[in-house]
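See structure below.
The values are calculated or read from the model by the stated rules, or taken from the named source; none is laboratory data. Everything numeric in this text was worked out from a predicted model, so none of it was measured. Cβ atoms come from the backbone with ideal geometry, glycine included; neighbour counts cover every protein chain shown.
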Amino acid sequence: MMTYRPPVRQLDPKHIPATSTFSMSDASSVTASPATPATHDGKPLSAYTLRRFPWRPYVTPFETIFNHPYKGSGTTEDPYIVDWLVDDAEDPQSWPQVFKWSQIVVASFAALAVALSSSAYTGGIPSLMADFHKPSTLFWTGGVSLFVLGFAFGPLFWAPASEVFGRRRVYIVSYVFLTLWQAVTCAAPNPGSVLVFRGLAGLFGSSPLANAGGTIADVLEPTQMGLGMALFSVAPFLGPALGPISGGFLGETAGWRWVIGMLALFCAAVLILIFFLSAETYAPLLLRQRAAKLSKMTGKVYRYRADAAKPLNAFKLFKASLIRPWKFLIFEPIVLILSIYVAIIYGILYLNFAAYPIVFSQGRKWSIGISGLAFLGIMIGAILSVIVTIVWTNPQYIKTIKKRGYPVPEDRLAPAMWGGIVIIIGLAGFAATDGPNVHWIAPIIFGVPFGMGMVVLFLSCMGYLVDVYVIYAASVLAANSVLRSLFGAAFPLFTKPMYEKLGVHWAAALPGFLALVCAPFPFLFYKYGHKIREKGKYASEAARIYAQIIAARKAAQAQAPADEEKGVRTAQEIEDDLLSEAGADDPELYDLQRTISMEEELSDPRVRPTMSRSMSRSMSRSRSRSFSH
């Protein structure tokens, strides 16, 4: 496989602005005499190389960037096209593996801290009731619901913001305010202010939940995406299970202010971690900054490749983020039904934060701290789900693809089918054993299948939605996130009245019946999904554009690197035109390689030609927008 490497060349006079201190003698000596570096405004080009920081340890010498032969004429009509160079040190896809995985660890910690904050608060509810002389459990449960409500609406802003301002800036700004609202809550003077501050903390804290997936897609190679997403996805579920354990013991010994103070300190520690170790991974922003720097230095027009085809329209990006998810919930039955399924299971998770204190604290007379340990079952199940995904689910999925020769979206649903059954077993077992006359270990053990099935179902359904809607994946996942968080906010509010009316057994069984009603959905989509996709407006359109792009890539497979110099269009240029004709000014329409299933198909030599390393990296980077939600 041949990889194009740009030739070493003399400095082109077209790069030299009229105000520059370059002379033609300088230009002729740049490559001939390394000892005499080229200068700009009296400074050597090396002075314009980005400074190294702990969060930016890998930089490309600016001499290399400046002297690269960019395609174009440097005019507004035909700008120089800026993309990653071969072996570009600043390209997140070329970073060393240790640094790549460190970014995932930081993003996972950021999501874990937020998820922990959503539930650890429950450990301070008895203290809140005593301090403010307001004994209503339902009222104080609103602190959980308002925090989770922020997860529904925050991502609609944070996701597009990260594409305009970058991942790193959004992480830092949002975490500063998350930490601030957590700290302010400690000093809340009345019950209402506690709930308001909790809602604001959830709104700002939702940033990692919206963008951590994008960070993972920015840095990992296609073959690593399955592992990266599996490891990260456990954080939003592991955090809620850990919260009652840590918050319970602290709440009963030191009071609610120390519970919130602990969360503020934890978020502050994560903020420091983000500031020093979280790199900017969003390739379009990095390339826009490079293009702007070149334009300023040379007086010529440089543009990032995607911006040259369609300039970034921030207003349309934010508008699409706010409006489009609701359209998919209304007009696409696949999105609506699977989102409701996942939302019900997510709601049951947060329902347990109100149900477990009833079952274990009131029913078995446990302290609030000890009753928090009951969540160990769910936590163990969530951890087991990652092991099962890595060891069995993903290998089985790839085996299915290889056996057929190509993937179909329904291949993603196999784990959801058995995961739904495992969830029912866990909920039914909990309902049957949650009475005080049964040994306490039984209901905790039944939390294990629920925790495992929950994460497996989540990963499976998300993968299926992405594979079905490819170019619309960002809005589809946003729709799922909004509905999921709304259910997570609502379910805790009716838990206590439900348990008072129905009793511990039937109240615990009702969520199991809901899961039982939803369990057939993956089976139905597995069998009839292809027919439903053909009738769906957006699903069929995504499939059509996807097929056109695959055909274009196949047609361009025989092109040699030299063809580009002869004016032959590349597969990427053909793809850009297809997306443009389909309406690529709409922020919905992104490049295609969203998931490992698409990666496997496109890299299979029986389906798609082998591509150059630079083109592979370019397409791999495009995945980040779909995973950002």
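Worth a mention:
- Per-region count, the stretch 410-453, residues without any contact (Cβ under 8 Å) to a residue 40 or more places away in the chain, out of contact with any Ser or Thr (no Cβ under 7 Å at 6 or more places or on another chain) and in a helix (DSSP H, G or I): 6
- Looking only at the stretch 173-190, and only at residues there that are over 14 Å from Val259 (Cβ atoms) and in contact with a helix residue (DSSP H, G or I) (Cβ under 7 Å, 6 or more places away or on another chain), the one that is surrounded by the most Cβ atoms within 10 Å (Cβ to Cβ): Leu178
- Residue within the stretch 292-303 that is under 27 Å from Asn480 (Cα atoms) and either within 26 Å of the chain's Cα centre (by Cα) or among the aromatic types (Phe, Trp, Tyr) (or both) present: no
- When restricted to residues that are surrounded by 13 or more Cβ atoms within 10 Å (Cβ to Cβ) and assigned to a helix (DSSP H, G or I), the stretch 397-409 contains 5.
- Residue pairs whose Cβ atoms lie under 6 Å apart, separated by 6 or more positions or on different chains, with the first residue in the stretch 395-409 and more than 16 Å from Gly226 (Cα to Cα) and the second assigned to a helix (DSSP H, G or I), are Tyr406/Glu601.
- Residue-level check: of (1) closer than 21 Å to Ala230 by Cα; (2) surrounded by fewer than 24 Cβ atoms within 10 Å (Cβ to Cβ); (3) touching a Leu at 6+ places or on another chain (Cβ under 6 Å), Ile424 misses just (1).
- Residue in the stretch 183-199 that is at pLDDT below 90, in the same structural domain as Asp131 (by TED's automatic domain parsing) and within 18 Å of Pro155 (Cα to Cα) present: no
- Test: His530 is surrounded by fewer than 24 Cβ atoms within 10 Å (Cβ to Cβ), part of a helix (DSSP H, G or I) and at pLDDT below 90: yes
- Residue among Ala111, Ala130 that is buried (at least 23 other Cβ atoms within 10 Å of the Cβ) and not in a loop (DSSP other than H, G, I, E, B): Ala111
- Filter result for Ile383 (within 22 Å of Leu338 (Cβ to Cβ), among the hydrophobic types (A, V, I, L, M, F, W, C), in a helix (DSSP H, G or I) and in contact (Cβ under 8 Å) with a residue 24 or more places away in the chain): no
- Candidates are the residues of the stretch 468-504 that are closer than 25 Å to Leu329 by Cα and out of contact with any helix residue (DSSP H, G or I) (no Cβ under 6 Å at 6 or more places or on another chain); the one that is surrounded by the fewest Cβ atoms within 10 Å (Cβ to Cβ) is Phe494.
- Subset of the stretch 266-298 that is aromatic (Phe, Trp, Tyr) and surrounded by fewer than 21 Cβ atoms within 10 Å (Cβ to Cβ) - its residue that is farthest from Val194 (Cα to Cα): Phe276
- Out of Leu483, Leu514, Leu493, Leu477, sole residue that is modelled with pLDDT of 95 or more, in the same structural domain as Val335 (by TED's automatic domain parsing) and of a type in the set (A, V, I, L, M): Leu514
- Residue, nearest to the chain's Cα centre (by Cα), within the stretch 134-147, restricted to residues that are surrounded by 19 or more Cβ atoms within 10 Å (Cβ to Cβ) and under 15 Å from Val196 (Cβ atoms): Phe147
- One residue alone among Leu263, Leu231 is surrounded by fewer than 22 Cβ atoms within 10 Å (Cβ to Cβ), out of contact with any Pro (no Cβ under 7 Å at 6 or more places or on another chain) and under 17 Å from Val114 (Cα atoms), and that residue is Leu231.
- Qualifying positions in the stretch 183-206 - touching a residue at least 60 places away in the same chain (Cβ under 8 Å) and either closer than 19 Å to Val386 by Cα or hydroxyl-bearing (Ser, Thr, Tyr) (or both): Thr185, Ser206
- Criterion applied to Tyr282, Tyr341 was being at pLDDT 90 or above and touching a Cys at 6+ places or on another chain (Cβ under 8 Å), and the one residue passing it is Tyr341.
- Selected residue (criterion: surrounded by the fewest Cβ atoms within 10 Å (Cβ to Cβ)) from residues of the stretch 302-349 that are without any contact (Cβ under 8 Å) to a residue 40 or more places away in the chain and closer than 30 Å to Tyr70 by Cα: Phe315
- The one condition in (1) within 23 Å of Ile216 (Cα to Cα); (2) surrounded by fewer than 21 Cβ atoms within 10 Å (Cβ to Cβ); (3) touching a residue at least 60 places away in the same chain (Cβ under 8 Å) that Val98 fails to fulfil: (3)
- The listed residue being over 26 Å from Met379 (Cβ atoms) and among the charged types (D, E, K, R), out of Lys501, Lys496: Lys501
- Which numbered condition Ala188 misses (of (1) part of a helix (DSSP H, G or I); (2) closer than 30 Å to Lys134 by Cα; (3) over 16 Å from the mean Cα position of the chain (by Cα)): (1)
- Selection over the stretch 39-83 of residues that are on the phi < 0 side of the Ramachandran plot, part of a loop (DSSP other than H, G, I, E, B) and over 32 Å from the mean Cα position of the chain (by Cα) gives a count of 10.
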